[in-house]
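To start, the structure itself, in structure tokens.
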Amino acid sequence: MNDIDLRVGVILSAEEFPEARRPAWKLLIHVGPLGTLRSSAQITRYPREELVGRRVVVAVNLGEKQIANFISQCLVLAAVDDEGTPYLLGVDEGAEPGQRVA
């Protein structure tokens, strides 16, 4: 099995995703030299204005997954409490898009 490739990404846009079975955002994430990837993320507790421009940790080598009419290309990582509430993993200022997370 391959190791999971974790990278720093910056959310460029967050769009509503009413077609998803569970509430989610459609995200466009800049991952430096890897380009721009799309992700469906069940992080709707965060309003759009708190997401756009935010640095996040993304897994980039898990393959694509179709969610409704959308192809998700990476996974945004979050901690989840006992009720299933997600808390995005933070990345300090200065970390550049595409940098490996170790």
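The values are calculated or read from the model by the stated rules, or taken from the named source; none is laboratory data. Only a predicted model underlies this, so the values are computations on that prediction, with no experimental measurement involved. Here the Cβ positions follow ideal geometry from the backbone for every residue, glycine too, while neighbour counts run over all protein chains shown. For accessibility, only protein heavy atoms count, side chains too; no ligands or nucleic acids. Shrake-Rupley method; radii C 1.70, N 1.55, O 1.52, S 1.80 Å.
Here Leu12 sits with roughly 90 square angstrom of accessible surface, probe radius 1.4 Å.
Shape class of the chain from the Cα gyration tensor (axes a ≥ b ≥ c, square roots of the eigenvalues): rounded, since a/c falls below 1.5.
Over all other residues within a Cβ to Cβ distance under 13 Å of Gly9, the charged ones net out to +3, with Lys and Arg as +1 and Asp and Glu as -1. Other residues whose C-beta falls under 13 angstrom from the C-beta of Val91 contribute a net charge of +1, scoring Lys and Arg +1 and Asp and Glu -1. Residues in the chain average 62 Å² of solvent-accessible surface per residue, probe 1.4 Å, ligands and nucleic acids excluded. In the assembled protein chains, Glu49 presents an accessible area of approximately 140 Å² (probe radius 1.4 Å).
Other residues within the sphere of radius under 14 Å centred on the Cβ of Leu28, judged by their own Cβ, net out at +2 (K and R +1, D and E -1).
Of the solvent-accessible surface of the chain, computed with a 1.4 Å probe and all protein chains present, 48% belongs to carbon and sulfur. Under a Gaussian network description of the chain, with springs only between Cα atoms under 10 Å, the residue in Glu83, Glu16, Glu50 that fluctuates furthest is Glu83.
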